[in-house]
Amino acid sequence: MQTLAQQGLRDLVLCPGSRSAPLAMAAGMLEEAGALELHTAIDERSAAFLALGIATATGTSTAVITTSGSAVANLLPAAVEADRSCQPLILISADRPIRLKNCGANQTVNQEDFLRPACRWFGSAPLEGLDQLDQPAIEQLAGSAWSQSMGSEGCAPGPVHLNLPFDEPLHASKAEYQQVAAGIQPGRPRLPDRQPAVSAHPVVPRLNAHQPGVVVAGPWRGLATALPAYQQAVHRWCTATGWPVLADPLAQLPSECPGCLPHWELQLDHWTPQEPLQVLRLGPLPASRRLERWLQRRTSSQLLVSEGEPRRLDPLGVAEQYSGGCVAWLAHQSLPSAAAVGSNHDPLGPWLEQQLPLVGAVNEPALALGLAKLLPSGLPLMLAASSPVRDWLTWSGSAPGSASGSRPCFSFRGASGLDGTLSLAMGLALKLGPMVLVCGDLALLHDSNGWLHAASRRIPLVVVLIDNGGGGIFQQLTIPAEPQDRFARLFAMPQTVNPLVLAAAHGIPGRQISCLEDLEPALAWGLDHTGPVLLRVCTDAGADAVLRHNLRVGAQNAALTD
């Protein structure tokens, strides 16, 4: 554990257990020495997502410690998301020694295989027990776990699994613990952040910056420590070319980035730029089927630049991919000497504000537009990976360069699961400070154990809960909504739990927002709190599906007449 702290580990999430007692004691001693920050959690699934939120916010590996058995299996959902989001996690599991395997011993399973498909690397102590290793070998094992999680040759950052068998006795004497604690050096200086190592691309593809093109900026999938250099490179390209930018809310572009088009998703069907039109795609695709169809209609070259992710990120099969990152790619491009002028004009903004005033009953498009206007500039925001992230893209108008676009935006769409939404937001808020989570009722209920992370500390998180009676996104798909009882049972799956009462049982204060006029004072109340709060709005999923359709039709007509 001390080797991990020396490598740069600063946050560790500890789950309870007996077999993991040696690791727990080591973590406690390192915390007391000021070498790391220790977080505790009783639910391993929630704990792993909390760690993923912390890792995403800091850009460095966060560790999770579990005991043996099914506890390890609960780490898999977060490992899958970390794998696809390219965020570093070190998943450390205590295990029984080989003499207890395959003989019916209690809490003894083939846990070494549980996480392999989602992990960059698997490491293990000798099967007889960690005590079989000398100190240099232990340090080498820990160092490998750290370096592999932070990215290695030809592999982006991601989760790793370190499985450590322990034989009895598990507990040292008091004198032995005191001796170990005395040898810990407090406040070890952190080593410099390392950037993920990627294999050299044989040929760096080029685009003609002197000719027309468009930038499609998808969700950022790099380390937080690498973000400033990425933002500078994107800003440089956009300033030099003047190309319009179709940005996902999760793209993490610089706030002053030129050319970013608000409400671009509503205008795509009628935007027919002259070909040939070069397309620079940054990272994976935004969550827009219309954009996918639009890209498939393009006849000229498309280049996709990923931040060290060697796996294919183009489900359309139309782009060449360069995995060396935007900074390295830009170094090989020839830019115009004179800066071009990119427009951030929003032709639909005034029309949408007329159609979606902040008055009357709450609907989800108006909520997205209203939150974008009312939340303080720069306040971080997390959007659940279902309707909230799609509505924010379409209706909020929060493009970089706009007044409402100057904020870090997060959503975990690597695997786009329902899992861990609240715990992820708790992890982000622990490190970033005050922030807002927008999520649906099923996502919050699915991860209600995330409220437990606020039991011992005041995590500054405002949760805006959209309660639309189950999986409201299914109302937007081509699934027959009649008869309603069958649709509800098979797809929406509404629950009877009152989320305000459930939050109150965890000591979390909450408010019901009855109309859009209540939104501004409720947000002010929530942001005044130093700990987590819940703001609940109730919407009609069926009516909102119709509203979205009508707004799209109206927006197309408004765009044509602009």
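The values are calculated or read from the model by the stated rules, or taken from the named source; none is laboratory data. This structure is a prediction, so every number in the text was calculated from the model and none was measured. All Cβ positions, glycine included, derive from the backbone under ideal geometry; neighbour counts span all protein chains shown. Areas reflect the complete protein model, heavy atoms only, side chains present, ligands, DNA and RNA absent. Shrake-Rupley method; radii C 1.70, N 1.55, O 1.52, S 1.80 Å.
Among the numbered criteria (1) at pLDDT below 75; (2) loosely packed, with under 12 Cβ neighbours inside 10 Å, which single criterion is violated by residue 176?
(1)
Just checking, does segment 73-82 include any residue being within 29 Å of residue 169 (Cβ to Cβ), buried (at least 23 other Cβ atoms within 10 Å of the Cβ) and touching a Lys or Arg at 6+ places or on another chain (Cβ under 8 Å)?
Looking for residues that are within 29 Å of residue 169 (Cβ to Cβ), buried (at least 23 other Cβ atoms within 10 Å of the Cβ) and touching a Lys or Arg at 6+ places or on another chain (Cβ under 8 Å), one finds at least one in segment 73-82, hence yes.
Check off (1) in contact with a Leu (Cβ under 8 Å, 6 or more places away or on another chain); (2) assigned to a helix (DSSP H, G or I); (3) open to solvent by less than 30 Å² (accessible area, probe 1.4 Å) for residue 60 and give me the number that stays unchecked.
(2)
Could you list, in sequence order, all residues of segment 521-540 that are more than 23 Å from residue 432 (Cβ to Cβ) and open to solvent by 10 Å² or more (accessible area, probe 1.4 Å)?
521, 536, 538, 539, 540
With modelled with pLDDT of 95 or more, within 22 Å of residue 261 (Cβ to Cβ) and either outside any helix (DSSP H, G or I) or touching a strand residue (DSSP E or B) at 6+ places or on another chain (Cβ under 6 Å) (or both) as the only criterion, which of 303, 335 stands out?
Exactly one of 303, 335 is modelled with pLDDT of 95 or more, within 22 Å of residue 261 (Cβ to Cβ) and either outside any helix (DSSP H, G or I) or touching a strand residue (DSSP E or B) at 6+ places or on another chain (Cβ under 6 Å) (or both), namely 303.
Which one of these does residue 311 not meet: (1) touching a residue at least 24 places away in the same chain (Cβ under 8 Å); (2) out of contact with any Asp or Glu (no Cβ under 6 Å at 6 or more places or on another chain)?
Every condition holds for residue 311 apart from (1).
List the pairs whose first member sits in segment 98-112 and is surrounded by 13 or more Cβ atoms within 10 Å (Cβ to Cβ), whose second member is part of a helix (DSSP H, G or I) and not hydroxyl-bearing (Ser, Thr, Tyr), and whose Cβ atoms are under 6 Å apart, counting only residues at least 6 apart or on separate chains?
Listed by first residue and then by second, the contacts come to 108/100; 111/72.
Take the residues of segment 309-332 that are of a type outside the set (Asp, Glu) and not in a loop (DSSP other than H, G, I, E, B): which is nearest to residue 288 (Cα to Cα)?
So, considering only residues that are of a type outside the set (Asp, Glu) and not in a loop (DSSP other than H, G, I, E, B), the one nearest to residue 288 (Cα to Cα) is 321.
Taking segment 507-538, which residues are at pLDDT below 95 and closer than 20 Å to residue 358 by Cβ?
none
What's the number of the condition residue 20 fails, among (1) more than 26 Å from residue 105 (Cβ to Cβ); (2) modelled with pLDDT of 95 or more?
(1)
For segment 32-44, check the following and say yes or no: at least one residue is open to solvent by 10 Å² or more (accessible area, probe 1.4 Å), of a type in the set (D, E, K, R) and modelled with pLDDT under 95.
Yes, segment 32-44 contains a residue that is open to solvent by 10 Å² or more (accessible area, probe 1.4 Å), of a type in the set (D, E, K, R) and modelled with pLDDT under 95.
For (1) of a type in the set (Val, Ile, Thr); (2) in a loop (DSSP other than H, G, I, E, B), each residue gets a yes or a no:
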position: 25; (1), (2): no, no
position: 42; (1), (2): yes, yes
position: 45; (1), (2): no, no
position: 51; (1), (2): no, no
position: 78; (1), (2): no, no
position: 81; (1), (2): no, no
position: 87; (1), (2): no, yes
position: 91; (1), (2): no, no
position: 94; (1), (2): no, no
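If we scan segment 268-286, do we find a residue that is in a helix (DSSP H, G or I) and open to solvent by 10 Å² or more (accessible area, probe 1.4 Å)?
Checked segment 268-286: at least one residue is in a helix (DSSP H, G or I) and open to solvent by 10 Å² or more (accessible area, probe 1.4 Å).
Among the residues of segment 263-283, what is the count of those that are closer than 20 Å to residue 398 by Cβ and of a type in the set (A, V, I, L, M, F, W, C)?
5
What are the residues in segment 210-230 that are surrounded by 21 or more Cβ atoms within 10 Å (Cβ to Cβ) and not small (Gly, Ala, Ser), if any?
214, 215, 216, 219, 220, 221, 223, 230
In a strand (DSSP E or B), touching a residue at least 12 places away in the same chain (Cβ under 8 Å) and either on the phi < 0 side of the Ramachandran plot or surrounded by 17 or more Cβ atoms within 10 Å (Cβ to Cβ) (or both): which single residue out of 123, 143 fits that description?
Being in a strand (DSSP E or B), touching a residue at least 12 places away in the same chain (Cβ under 8 Å) and either on the phi < 0 side of the Ramachandran plot or surrounded by 17 or more Cβ atoms within 10 Å (Cβ to Cβ) (or both) holds for just one of 123, 143, which is 123.
Check 471, 370, 360, 420 and return the single one that is touching a residue at least 12 places away in the same chain (Cβ under 8 Å) and more than 30 Å from residue 267 (Cα to Cα).
420
Out of the residues in segment 308-322 that are in contact with a Pro (Cβ under 8 Å, 6 or more places away or on another chain) and at pLDDT 95 or above, state the one that is least open to solvent (accessible area, probe 1.4 Å).
Result: 322.
State the number of residues belonging to segment 422-437 that are open to solvent by 10 Å² or more (accessible area, probe 1.4 Å) and closer than 16 Å to residue 499 by Cβ.
Summing the residues that are open to solvent by 10 Å² or more (accessible area, probe 1.4 Å) and closer than 16 Å to residue 499 by Cβ in segment 422-437 gives 0.
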